[in-house]
Amino acid sequence: MENHGYDVFVASDGLEGVDIARQTNPHLILMDINLPYLDGRALTTRLQSLPHLKETPIVALTADISDGSRELALAAGCSGYLSKPVDVDKFPDQIDSFLQGKVQQLDEKDHSRHLRRHAENIVEQLEAKILELEYANKLLYRLDRMKSDFIVLASHELYTPLTLVSGYSNLMDEHLRQDDEQVSLEQTREVANLMSASVERMQAVVQEIMNVARIAAGRLELSKGPVQIPHLVRSVRKALKDILKQRNLTLEVEGIETLPIIFGDGSHIRTAIYNLVENGIKYTPNGGIISICGKVSGAGVELSVRDTGIGIPQEEQKQIFNQFYTLGNVDNHSSSKSAFEGGGMGLGLTIASGIVEAHNGRIWVESSGEDRDALPGSTFYIWLPIGSADEAESQGNSRQ
Ligand code: ADP
């Protein structure tokens, strides 16, 4: 059309089309029928309701040559109907004839019959859109609530160790004021250790938030190299040893020692495993069992973390990987990471899944449902590709 001297404005969807038509006042509109948001027929009706476009010919140009498609387009207000693909040689003349005033018409009976169908279609589209909007609204509402909850939880997570640091520093101050002999170096050292444990807790919280921010922005940096999963599992076990003991939980490990070396970011993969085991601890009552199992599966390794805890409702199983998603009420939140059902910020699984996905792996959960009496438990799975050293070299550090 441009070769034939026309100015052409292209819209990628109906609403953009209405905008462009408003601004450019076109002599003719070529209308696709299958369009996102509003279909071409509904759009034709809409465009013709604009006073300055009342007389503008609108020509349906569509690959939809199904029965009644032409009649529906004409009933909706199109001046003509052309099917795609267009005949490039004839097309400019066809357009010209519509510009000269050619109008394809239906007989009256056909027109009113198809006009009715057109109206029904529009109402159907409207209904579907309302449902879509309602659903989107619910999601937004939930997200909004989750974000507010997150602010409460994050402040809580930081406030607890902060209060301790403040208490310890006052204590230390007192120690320093007192006569040297009354306060042993040992006591001061103990206070300093407690203080540094609280600072570490705060660092971990900030690290968790930063990791999620990086994952959300797709900027998790991977430093890839050979990873020995047995080593990671041993390190996770060591880190959680005291908590497991306090809660009288047994950690079983099976099939891990013989796993092949994989290529990935060991520190991140350890975090993913740690978060799953920590969740297992959190959602399993005292005396339960948490098992970490491993096997080779296809071109990767599959790790599973099974617990004998409360389980997860089927309908929540997808969402728990979403940012800020915590089941239950924030009011019941306790910032203990180890207490039974002790709260978190709803980031542990988001981080684990971000890490696994950055490795082109998969993470999923199986649980028959939630039951605090029957304790059906949950099993989280991670699949990670074994990868190769070459791949690790070419991808390492380059993921931005
Ligand atoms: P949180 O910091 O709240 O634990 P996560 O992202 O780690 O956040 O988990 C999100 C939610 O998934 C949790 O609030 C919890 O309801 C549920 N969940 C995770 N792991 C388990 C598990 N092993 N058993 C039962 N529920 C779990």
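Among the residues of region 11-30, the one identified as more than 32 Å from the chain's Cα centre (by Cα), part of a loop (DSSP other than H, G, I, E, B) and aliphatic (A, V, I, L, M) is Leu28. For Gly344, the conditions (1) within 11 Å of the ligand (Cβ to nearest atom); (2) modelled with pLDDT of 95 or more all hold with the exception of (2). The sole residue among Val86, Val18 that is within 21 Å of Ala119 (Cβ to Cβ) and among the β-branched types (Val, Ile, Thr) is Val18. Among the residues of region 204-237, the one identified as open to solvent by 60 Å² or more (accessible area, probe 1.4 Å) and in contact with an Asp or Glu (Cβ under 6 Å, 6 or more places away or on another chain) is Ser223.
Do we find a residue being at pLDDT 95 or above, of a type in the set (A, V, I, L, M) and not in a helix (DSSP H, G or I) anywhere in region 270-281? There is no residue in region 270-281 that is at pLDDT 95 or above, of a type in the set (A, V, I, L, M) and not in a helix (DSSP H, G or I). Does region 68-88 include one or more residues that are among the charged types (D, E, K, R), touching a Leu at 6+ places or on another chain (Cβ under 7 Å) and crowded, with 16+ Cβ neighbours inside 10 Å? Yes, there is a match, as at least one residue in region 68-88 is among the charged types (D, E, K, R), touching a Leu at 6+ places or on another chain (Cβ under 7 Å) and crowded, with 16+ Cβ neighbours inside 10 Å.
Filtered by the rule that a residue be among the small types (Gly, Ala, Ser) and open to solvent by 20 Å² or more (accessible area, probe 1.4 Å), region 248-265 gives a lone residue, Gly255. Among residues belonging to region 175-192 that are among the acidic types (Asp, Glu) and at pLDDT 80 or above, point out the one that is nearest to the chain's Cα centre (by Cα). Ranking the qualifying residues of region 175-192, first place goes to Glu190. Hey, among the residues in region 99-121 that are of a type in the set (A, V, I, L, M, F, W, C) and under 48 Å from the mean Cα position of the chain (by Cα), which one's nearest to Ala42 (Cα to Cα)? The qualifying residue nearest to Ala42 (Cα to Cα) is Ala119. All of (1) of a type outside the set (Lys, Arg); (2) open to solvent by less than 10 Å² (accessible area, probe 1.4 Å); (3) away from the ligand (no atom under 16 Å from the Cβ) hold for Leu240 with one exception: (3).
You will find that of Lys282, Lys224, Lys238, Lys245, the residue that is of a type outside the set (A, V, I, L, M) and touching a strand residue (DSSP E or B) at 6+ places or on another chain (Cβ under 7 Å) is Lys224 and no other. Annotation note: Cβ proximity below 6 Å between a residue of region 76-94 that is more than 21 Å from Glu55 (Cβ to Cβ) and of a type in the set (Asp, Glu) and a residue that is outside any helix (DSSP H, G or I) and open to solvent by 100 Å² or more (accessible area, probe 1.4 Å) (sequence gap 6+ or interchain) occurs for no pair.
Rundown of residues vs (1) open to solvent by less than 10 Å² (accessible area, probe 1.4 Å); (2) more than 9 Å from the ligand (Cβ to nearest atom); (3) among the aromatic types (Phe, Trp, Tyr), yes/no style:
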site	(1), (2), (3)
Thr271	no, yes, no
Leu276	yes, no, no
Pro285	no, yes, no
Ile290	yes, no, no
Val296	no, yes, no
Ser304	no, yes, no
Glu316	no, no, no
Gln323	no, no, no
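I'd like to check something: does region 59-73 contain any residue that is in a helix (DSSP H, G or I) and in contact with an Asp or Glu (Cβ under 8 Å, 6 or more places away or on another chain)?
Within region 59-73, one or more residues are in a helix (DSSP H, G or I) and in contact with an Asp or Glu (Cβ under 8 Å, 6 or more places away or on another chain).
Consider Val123 carefully, then state whether it is among the hydrophobic types (A, V, I, L, M, F, W, C) and open to solvent by less than 50 Å² (accessible area, probe 1.4 Å). Criteria not met by Val123.
Looking at Arg41, is it within 30 Å of Leu133 (Cα to Cα), open to solvent by 70 Å² or more (accessible area, probe 1.4 Å) and touching a helix residue (DSSP H, G or I) at 6+ places or on another chain (Cβ under 9 Å)?
The answer is no for Arg41.
Restricting to region 359-395, name every residue that is open to solvent by 20 Å² or more (accessible area, probe 1.4 Å) and modelled with pLDDT under 80. Passing the criteria: Ala389, Asp390, Glu391, Glu393, Ser394, Gln395. Return yes when Ser169 is touching a residue at least 24 places away in the same chain (Cβ under 8 Å) and open to solvent by less than 90 Å² (accessible area, probe 1.4 Å) and no when it is not. Yes; evaluated as a whole, the condition is true for this residue.
The values are calculated or read from the model by the stated rules, or taken from the named source; none is laboratory data. These numbers were taken from a predicted model, which means no experiment stands behind them. Because the Cβ atoms are built from the backbone with ideal geometry, glycine has one as well, and the counts that use them run over all protein chains shown. Just so you know, the surface numbers come from the protein's heavy atoms only, side chains and all, with ligands and any DNA or RNA stripped out. Shrake-Rupley method; radii C 1.70, N 1.55, O 1.52, S 1.80 Å.
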